[in-house]
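The values are calculated or read from the model by the stated rules, or taken from the named source; none is laboratory data. Keep in mind that this is a model prediction, so the values were computed, not measured. Virtual Cβ from ideal backbone geometry, glycine too; neighbours counted across all protein chains shown. Remember, those area values only see protein heavy atoms, side chains included, never the ligands or the DNA or RNA. Shrake-Rupley method; radii C 1.70, N 1.55, O 1.52, S 1.80 Å.
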Amino acid sequence: MHTTYMDAFKNLNYIELVVGALLGWVLNEICTPIKKKVIQRIREKKLKRLLNNDTLINDPHVLVLDRAIPYYDPKGGIKLRCTQQNLFISFPQKYKTAFRAYDFVYREQEIFDGRTDIATLLEKMGISNAQKRLDDATATTALDFLRDFKAGQNRFNSLISGIYKLRTTRLNTEEKSGLDMQFYTTDYFTYRVFSNLYQSLLNDHQAMKIEKPADINLYNVFFSSFGICTFIIINRGNGDEVILGKRSDAVMVERNKWHYSMNEAFNARDKDEYGHPSFHACVYRGLEEELGIGERYQKNIKKLEFFDLVLLTNRLESGITSYVRLQLDENLSFDELMGLYRIAQDSALETVALEVLPVRKIDQFIQQHSTDISDGCRHALRALHARYKAGYLRDEE
């Protein structure tokens, strides 16, 4: 009888242990998601507060069209479509002979739906004396290119993509940021013509006002380029560092200024494995062309996120900021990374040097380089740092 009582007591203890362990597991399964949700809400609230400070809101020449908190959802957060619409400015007849020696490719004038009368469209936008302004901007651009050719610099009239239509959206009940974008095909010469035209309007105080994303749709011919602006983050064992590029004097904008790790113009060739337009594909292409990080090293890209849609109001140029976490290991060491950059296809054209900046010193760097850092890079670095301070972008995230 005593043995029976002892066995029953042992069985009871065993049952209690099993029930206790099971209860602990159930509570953990219930509480862990709740805990993660609470932490997520705290981070989001802190990030919104950091991004709402005066330094970022009133940053000169930078208008934030949309911010993702913290990033755009990789599943459906960004929807892209390349339309059949084209926008080309014809090359001035009187300069064509001079350009033949440089094998410069130019295209016949065309605007959306196969039309050719661009001046009439500009007049409908409220631009006075549109034809003369357009002719002057076209001639100025041609002379800029010719001067660069004579100085021994390369200028390619590559096909790029401009914004045809843009719509910001909010996804699901949590209202996560989303983008719906359609693009037209244009070329580098056309982009430069509209840049010069916009500068002439600025000088005459006639520039159009862009205050919200929908305004881009009213003046879409001026948005004939869209940039993918990427920071590379690495960790060599002393904390996270962000790579910056020093722009060369061979580029047409932001000469000799500190800039993103990689800045690439999106075009219709940037497609995913299913043939759909893709910002990711543009990042991978830019990493290879500007930094030499080709297909062999794609496994070292541990994270790629997009976070802000921005507009530079002094040049009316738009783009989306992003970051890549690049893991250094036996497949890609830091010295190899620097070596790849030196032999990259476009490295000599785009940049003259790279700077590895500890994240903790971002504010100090911006202060020290207030006159030789691009407006876009300055703003994006601050926004990147805000995400760090809120607990994002880290390895353990």
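Assorted remarks:
- Only listed residue being over 16 Å from LEU384 (Cα atoms) and either open to solvent by less than 10 Å² (accessible area, probe 1.4 Å) or aromatic (Phe, Trp, Tyr) (or both), chosen from LEU337, LEU328, LEU349, LEU354: LEU337
- Counting only helices (runs of 4 or more DSSP H) wholly contained in region 256-375, the ones carrying 3 or more residues that are polar (S, T, N, Q) and on the phi < 0 side of the Ramachandran plot occupy 362-368.
- Sole residue being closer than 25 Å to ARG192 by Cβ, in contact (Cβ under 8 Å) with a residue 24 or more places away in the chain and open to solvent by 10 Å² or more (accessible area, probe 1.4 Å), chosen from VAL221, VAL253, VAL283: VAL253
- Members of region 41-69 found to be touching a Pro at 6+ places or on another chain (Cβ under 8 Å) and in a helix (DSSP H, G or I), listed by number: ARG43, GLU44, LEU47
- Members of region 149-180 found to be without any contact (Cβ under 8 Å) to a residue 12 or more places away in the chain and either within 20 Å of PHE88 (Cβ to Cβ) or open to solvent by less than 40 Å² (accessible area, probe 1.4 Å) (or both), listed by number: THR169
- Matching residues in region 70-103 - criterion: being open to solvent by less than 20 Å² (accessible area, probe 1.4 Å), more than 30 Å from LYS389 (Cβ to Cβ) and in a loop (DSSP other than H, G, I, E, B): LEU87, ILE89, PHE91
Yes or no, residue by residue, for (1) among the hydroxyl-bearing types (Ser, Thr, Tyr); (2) surrounded by 15 or more Cβ atoms within 10 Å (Cβ to Cβ):
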{"residue": "VAL105", "(1), (2)": "no, no"}
{"residue": "ILE118", "(1), (2)": "no, yes"}
{"residue": "SER128", "(1), (2)": "yes, no"}
{"residue": "THR140", "(1), (2)": "yes, yes"}
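- When GLU330, GLU290 are screened for being without any contact (Cβ under 8 Å) to a residue 12 or more places away in the chain and among the charged types (D, E, K, R), only GLU330 passes.
- Of all residues in region 236-250 being in a loop (DSSP other than H, G, I, E, B) and within 24 Å of GLY152 (Cα to Cα), the one that is most open to solvent (accessible area, probe 1.4 Å): ASP249
- Residues of region 366-386 that turn out to be open to solvent by less than 20 Å² (accessible area, probe 1.4 Å), in contact (Cβ under 8 Å) with a residue 60 or more places away in the chain and in contact with a strand residue (DSSP E or B) (Cβ under 7 Å, 6 or more places away or on another chain), as a count: 8
- Restricting VAL310, VAL283 to residues that are modelled with pLDDT of 95 or more and over 22 Å from SER347 (Cβ atoms) narrows the list to VAL310.
- Candidates TYR297, TYR323, filtered to the one that is of a type in the set (Ser, Thr, Tyr) and open to solvent by 20 Å² or more (accessible area, probe 1.4 Å): TYR297
- Scanning region 181-208 for residues that are within 18 Å of the chain's Cα centre (by Cα) and open to solvent by 30 Å² or more (accessible area, probe 1.4 Å) returns a single hit, GLN182.
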